[in-house]
Amino acid sequence: MKKNSFEGYLQRIGFTAKPEVNLNTLAEIQRLHTAAIPFENLNPLLKLPVEISDDELYNKIVNSGRGGYCFENNLLLKAMLTKMGFSVRGVLGRAGVKENSVGRTHIILLVTLNDKEYLVDVGYGGYVPTAPLLFKPNIIQQTPNENFRIRKNSDEYRLEIQLPGEWKRLYDFGLEPQLHIDYEVANWYTSTNPNSKFTQKLVVARSEPGIRYTLSGNLFSIHHVNKKPRKKILTTRAQLIKSLEEIFLINLSGLPLRKLKFEGK
C-alpha cells in the first residue's frame, strides 16, 4: 500500500475536505463509509478467499469497488485512520441473536480523541452504527439513523440499538488487546466454516442517513427509521444482480456469479 493511500480511500467514499484528527472528520468518514462501501459476503459464498492484509483490503475495496464483511470493512478503516494520524485499536465481540451462541468473530474499533474513547464500527451489516459512539455506558446516543447505547454487561460491554418498542442487542465485547493473528483466526472461521452464516446465505447491506437497504438471500428490504420495512422477493438472477450493482454499489466484474446460490430463477 502506498504511503498516502488514504487519499484514494477518501476519494472512494466521497470525502473531499482535508482530513484532520478530530471528531468531525471521524464522524464524516464513518457516515460516508457506510453509505459508499457495502457490507457483503460474496467471497465466502463463492468460495473465494477473504484476505485481510492492508494491501489486499485496499485493492479489493478501494481499487476494485467491492465491499466486505466486518473484518474487511473495519480493518480497512483502521488502517486508513491510522495513516491519517488517529489512535485506533481493535477488539473482538460476540454477535448473534442468542447470547454466547457464537465465538468472538466480530471486530470493533475504539478510537481515542482528546482523552475520550469512541466506538466505531462500519462492518455490522443492516444495523451498522453510522456515527462514532462515545464510550460511555448507559447514555442514549443519536446517529443519522437509529439511537444506540453501550451497556456494561457483567465483565464485558454490550452495544444495543433502539428499534420501535425495544432495545435490541447487537453484540457483546471485551476490551482485551488483539493481535492481527487473532483477526486472522476469526476471519478464517467466519469465511470458511460450513456452520458460519456467511458461507450459507447472501447478506448485503448499505446505509444512508435515515434509510437502510438490506438483502438476505433473495429478500430485499428498505428500512426507514421508525417505520416498518418495505420488503420484496427478488425472483430472478437479473433482479439480484441489478440490486447488487445499483442499490448496493458493488462492482461485480470478474466474479464467478454462476456459482452464486440463488433461491429464485
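Would you please give the residues with an amide H less than 5 Å from that of Leu202, counting only those at least 5 places away or on a separate chain, with H modeled from the backbone geometry?
Answer set, sorted by chain and number: Gly217.
Can you sort Tyr127, Tyr9 by how many other beta carbons sit within 10 Å, fewest first? Could the numbers behind the result be given before it?
Values: Tyr127 22, Tyr9 25.
Fewest-to-most Cβ neighbours within 10 Å comes out as Tyr127, Tyr9.
For the pair Leu163 and Val225, how long in nm is the line joining their label points, each one 7 Å along Cα→Cβ?
About 1.7 nm, to one decimal.
Distance from the Cα centre of region 191-265 to that of region 158-174, in angstrom?
After rounding, the separation between the Cα centres reads 23 Å.
Cut-off 10 angstrom, C-alpha nodes, Gaussian network model of the chain. Which of His33, His223, His106 fluctuates the most?
Fluctuation is largest for His223.
Please order Ile222, Ile107, Ile250 by the number of other Cβ within 10 Å, starting at the fewest.
Values: Ile222 14, Ile107 27, Ile250 22.
Lowest count first: Ile222, Ile250, Ile107.
Nearest 0.05, what FRET efficiency do Leu113 and Ile139 give at R0 = 22 Å with Cβ-Cβ as r?
Values: r = 17 Å, r/R0 = 0.78.
Once the sixth-power term is evaluated, E becomes 0.80.
Might you report the magnitude of the Cβ-based charge dipole of the chain about its Cα centre, with Lys and Arg at +1 and Asp and Glu at -1, to the nearest 20 debye?
1040
Modelling each spin label as a point 7 Å along the Cα-to-Cβ direction, I'd like the Asn195/Glu20 distance in nm, to one decimal.
Placing both labels 7 Å beyond Cα along the Cβ direction yields 5.0 nm.
For Arg151, Arg212, Arg230, what's the fewest-to-most ordering of other Cβ within 10 Å of each Cβ?
On the way: Arg151 14, Arg212 22, Arg230 10.
So the ranking, lowest neighbour count to highest, is Arg230, Arg151, Arg212.
Determine which residues of region 174-189 fall in the zone a paramagnetic label at Glu156 would reach in this model, i.e. backbone nitrogen under 13 Å from the point 7 Å along Cα→Cβ.
Flagged as within label range: 174-176.
None of the figures in this text is laboratory data; all of them are computed from the coordinates on show. These figures come from a predicted structure and were not determined experimentally. FYI the Cβ positions are ideal-geometry reconstructions off the backbone, even for glycines, and counts take in every protein chain you see.
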